[in-house]
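Some notes on the structure that comes next.
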Amino acid sequence: MHDPVQHVSRRIWRDSGFTQGSRAVPEETAVALTYNGGSYAVMMATPRDLEDFAVGFSLSEGIVSSAAEIQSLEVVMLDNGIELRMWLSGEIAQRLSARRRNIAGPTGCGLCGIDSITQALRPAAIVATQRQFSPQQIMAAMQAVPALQALNVETRAVHAAAFWSPSRGIAALREDVGRHNALDKLAGAMARQSIAAADGMVVLTSRVSVEMVQKTAAIGAPVIVSVSAPTALAIRMAETAGITLAAIARADGFEVFTHHDRIAPGEAADVA
């Protein structure tokens, strides 16, 4: 089954005893990413927005530098999973063959197949934009996300990654059982829709680990905002990458860990 949501039966216990009912739960499916006929990775993911996932994963992994370098993309349904079948130009394919690996990743694994500490801690791209945001804009971005999380509203079990800009509000939002997958899907959606990253922020419903910072830097967004806390390594990586990291965002405020100067006091006139 490749529907993103399944309805399962379950028994519910309360003080009054057991009752019977059903619950919506998210599906997770083995998704193979292949390039020019060779397997590169197998990830467990929510079977939705898979074209975005293919493009975003390819960009985050550095396999391609733009969506246009993927000459063709086909989503192939299999009995026991899904294949995202991509074809690259000869030069890019040759470069990829030197680093191709077959890996099986648990749900949302961000470092699957990395075989050295140097690869795992690769420097993030430098985000140099001086764009500033007000605290009110940070709050507006966070508050806009929950109502748009269709899968999470139904299942209460998936992560979201969204992109917010002052002119458009939430310009794109993607969900997945894996937080890394959700961010890869967002990256793919932004690339395919030509959404400029420099004037907005990435909003996450998950904790901020170093891979999330690396992926955001690859997108080119100057700000990450998350409801959860960052790791110490993520803070160091965000500082080096020039990214403003705001986290532990709640209804009453948030905490800023890096590049505080991007969060300017006062309310901007163009809060969306």
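Cβ-Cβ distance below 9 Å, separation of 6 or more or different chains: which pairs start in segment 64-77 with a residue that is under 14 Å from Glu51 (Cα atoms) and end on one that is of a type in the set (Lys, Arg) and not in a strand (DSSP E or B)? Within 9 Å, the pairs are Ala67/Arg192. Selection within segment 190-232: residues that are in a loop (DSSP other than H, G, I, E, B), over 14 Å from the mean Cα position of the chain (by Cα) and not hydrophobic (A, V, I, L, M, F, W, C). The member of this set that is modelled with the lowest pLDDT is Asp199. Note on segment 170-214: among residues that are of a type in the set (D, E, K, R) and in contact with an Asp or Glu (Cβ under 7 Å, 6 or more places away or on another chain), the one that is surrounded by the fewest Cβ atoms within 10 Å (Cβ to Cβ) is Arg192. Cβ-Cβ contacts under 8 Å between residues 6 or more apart (or on different chains), taken from a first residue in segment 247-272 that is aromatic (Phe, Trp, Tyr) and surrounded by 17 or more Cβ atoms within 10 Å (Cβ to Cβ) to a second residue that is in a strand (DSSP E or B) and modelled with pLDDT of 95 or more, are listed as Phe254/Val225; Phe254/Ala246; Phe254/Ala247; Phe254/Ile248; Phe257/Pro230; Phe257/Leu245; Phe257/Ala246; Phe257/Ala247.
For residues that are part of a strand (DSSP E or B) and either modelled with pLDDT under 95 or surrounded by 16 or more Cβ atoms within 10 Å (Cβ to Cβ) (or both), tally how many sit in segment 54-72.
Keep residues of segment 54-72 that are part of a strand (DSSP E or B), which gives 70-72.
Filter once more, so that each one left must be either modelled with pLDDT under 95 or surrounded by 16 or more Cβ atoms within 10 Å (Cβ to Cβ) (or both): 70.
The total comes to 1.
Going through Arg179, Arg192, Arg168 one at a time, which residue ends up being more than 22 Å from Ala54 (Cβ to Cβ) and charged (D, E, K, R)?
Arg168
The values are calculated or read from the model by the stated rules, or taken from the named source; none is laboratory data. Note that the structure is predicted; figures quoted are calculated from it, not measured. Every residue, glycine as well, gets a Cβ built from its backbone with ideal geometry; the counts of neighbours run over all protein chains shown.
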